[in-house]
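Participant: Provided herewith is a single structure, encoded as structure tokens, for subsequent inquiry.
The values are calculated or read from the model by the stated rules, or taken from the named source; none is laboratory data. Predicted model only: the values in this text are computed from it and were never measured. Every residue, glycine as well, gets a Cβ built from its backbone with ideal geometry; the counts of neighbours run over all protein chains shown. We work out accessible area using only protein heavy atoms, side chains counted, and drop any ligands, DNA or RNA first. Shrake-Rupley method; radii C 1.70, N 1.55, O 1.52, S 1.80 Å.
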Amino acid sequence: MKALTWQGKRKIEYSEVPDPVIEQPTDAIIQVTSTGICGSDLHLYEVMGPFLEPGDVLGHEPMGVVVETGTEVPNLKVGDRVVIPFGIACGKCFMCDRGLQSQCETTQVRDEGMGAALFGYTRLYGQVPGGQAEYLRVPQAQYGPIVVPAGPADDRFVFLSDVLPTAWQAVEYAAVPEGGTLAVIGLGPIGDMAARIGLHRGYRVLGIDLVPERLARAQARGVETLEYSDEVAEQVRQLTGGRGPDSVVDAVGMEAHGSPKAQVAHRLVGLMPDAVAEKMMQTVGVDRLAAFYLAIELVRRGGTISLSGVYGGAASPLPLLTMFDKQIQLRMGQGNVRRWVDDILPLLGDDDPLGVDGFATHRMPLSEGPAAYEMFQKKQDGAVKVLLTP
């Protein structure tokens with residue numbers, strides 16, 4: 001089959017790879033009909049090379065049709081239309097029972113000291129072949145796949161794989177009080193959707209970004225938008241009675257602009273031998289923290305910061321004195337997809353309150369995946385969300 005494979009920094013290939021096969025009785029095989037490029041895929045494209053190997057199949061936002069099931073997958077049948085959560089979880093362990101599927105004890109990558117395995121996302125998360133491919137083997141298929149109805153286009157449901165539950169969790173973790181104000185830093189796919197969810201819940205939503213097309217897109221849905229600058233914190237305070245917003249979602253993560261030292265470190269990581277670069281990623285702390293620092297500055301005293309942007313360095317310095325003094329509450333983590341599906345599915349009817357039908361800005365053939373990665377990474381042509389069709 002054909003798939004998108006990682007071959008090196010900023011080098012994605014449309015390659016021939018072996019067809020997946022049933023390996024465990026709890027596996028299923030799906031034929032992929034749509035698959036997204038996630039903002040966190042850009043971390044692999046740019047800086048996470050030490051944890052990848054040439055030929056790794058990328059992608060963790062697929063949906064498709066079941067073509068084969070193992071003997072212990074009674075919930076699926078051939079022909080079912082399914083969305084595949086980006087995290088692989090069993091549904092019955094201690095963590096899954098508590099809605100923490102991203103920490104599943106059955107699929108935890110213990111050799112790396114990490115949580116649940118993810119599709120298409122480095123050795124740190126199990127090096128499981130991803131969904132930017134014609135076919136996908138789905139482990140733990142007795143629990144993970146979300147069966148969705150036939151009829152509407154894939155765009156109605158594909159974002160259940162990651163964007164919708166990750167954004168939903170970001171807003172949930174932000175603990176916005178009734179009638180409160182939510183600031184969202186970064187209006188890429190997760191930030192844009194988090195802003196939409198905040199509006200749907202009746203919050204006042206402020207959105208901050210650098211890209212004019214992203215600001216305009218959010219503004220058109222009712223978000224009060226601000227262009228990122230050295231003055232943006234003061235501008236937000238002026239809009240919030242001098243206090244700042246009740247809650248802040250950082251939907252940027254380690255790709256944030258405004259952290260020049262970390263940006264240099266990112267470039268150095270890309271030039272180092274893998275063993276050295278891996279150690280630097282784990283101990284030096286190469287994350288670009290500008291967005292997180294802005295969140296700390298913005299949030300009102302006693303407010304909550306919710307981190308949904310991916311941070312990859314293990315030793316990033318934090319202004320703990322300020323955080324303690326402001327009595328900031330902080331929540332974060334990978335999205336627990338199945339925890340939120342029942343809350344989200346009622347919003348995916350024909351009334352489409354979150355605008356999922358028009359959420360993707362680009363739909364391209366899988367064969368154009370390398371060009372799609374470059375376009376998305378460079379924020380060209382108004383790219384916010386790219387869907388690929390095998």
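Participant: Using every pair of alpha-carbon atoms in the stretch 1-156, split the distances into 5 Å bins beginning at 0 and state the percent of pairs per bin, rounded to integers.
Facilitator: Here the calculated profile for the stretch 1-156 is 2, 10, 18, 22, 21, 16, 8, 3, 0.
Participant: Give me Rg over Rh for the stretch 121-250, both radii from the alpha carbons and Rh done the Kirkwood way, two decimal places.
Facilitator: With Rg and the Kirkwood Rh in hand, the quotient comes to 1.06.
Participant: For the stretch 1-157, what does the relative contact order come out to in percent, with C-alpha contacts under 8 Å and a separation of six or more? All intermediate terms of the calculation are to be shown ahead of the outcome.
Facilitator: On the way: 396 pairs, mean separation 43.9, N = 157.
Reported relative contact order: 28 percent.
Participant: Here is a further query. Roughly how many Å² is the accessible area per residue of the chain, as a whole number, for a 1.4 Å probe? Don't jump to the answer; show the numbers that get you there.
Facilitator: On the way: 15880 Å² over 390 residues.
Heavy-atom accessible area per residue stands at 41 Å².
Participant: Give me the three principal axis extents of the chain from the C-alpha atoms, as integers in angstrom, largest value leading.
Facilitator: Ordered largest first, the chain gives principal extents of 60, 51, 44 Å.
Participant: Distance cut-off 21 Å, Cα to Cα: go down the list K77/K385; K2/K77; K11/K378 and report the pairs above it.
Facilitator: K77/K385; K2/K77
Participant: From the phi of every residue in the stretch 230-244, what ³J(HN,Hα) in whole Hz does the Karplus formula 6.51 cos²θ - 1.76 cosθ + 1.60 yield, where θ is phi - 60° and glycine or proline is x?
Facilitator: Karplus values, whole Hz, x for Gly and Pro: 5, 9, 5, 5, 5, 4, 5, 4, 4, 7, 10, x, x, 8, x.
Participant: 7 Å from Cα along Cα→Cβ at both Q329 and E224: what's the point-to-point distance in nm?
Facilitator: 2.2 nm
Participant: Just in the stretch 52-139: which GluC sites (Glu not before Pro) are loop by DSSP and have at most 14 other Cβ atoms within 10 Å?
Facilitator: Answer by residue number: E72.
Participant: Give me the net charge of S161's neighbourhood, meaning all other residues with Cβ under 11 Å from the Cβ of S161; Lys, Arg count +1, Asp, Glu -1. Show your work: numbers first, answer last.
Facilitator: On the way: positive: none; negative: E61, D154, D162.
Once positives and negatives cancel, what remains is -3.
Participant: Grab the alpha carbons of the stretch 295-385, take their convex hull, and tell me the volume per residue in Å³.
Facilitator: Each residue corresponds to 193 Å³ of Cα convex hull volume.
Participant: Also, I was wondering about something else. Pairs of alpha-carbon atoms within less than 8 angstrom and 6+ residues apart define the contacts here; what relative contact order does the chain have, in percent?
Facilitator: 18 percent
Participant: Treating cross-link reach as a plain straight distance, find the aspartates and glutamates whose alpha-carbon is under 13 Å from the alpha-carbon of K92, omitting any fewer than eight places away in the same chain.
Facilitator: Output for K92: E105.
Participant: First check a/c for the stretch 1-85, with a ≥ b ≥ c the square roots of the eigenvalues of its C-alpha gyration tensor; if it is under 1.5, answer rounded, and if not, answer prolate when a/b is larger than b/c or oblate otherwise.
Facilitator: Prolate, because a/c is 1.5 or more and a/b exceeds b/c.
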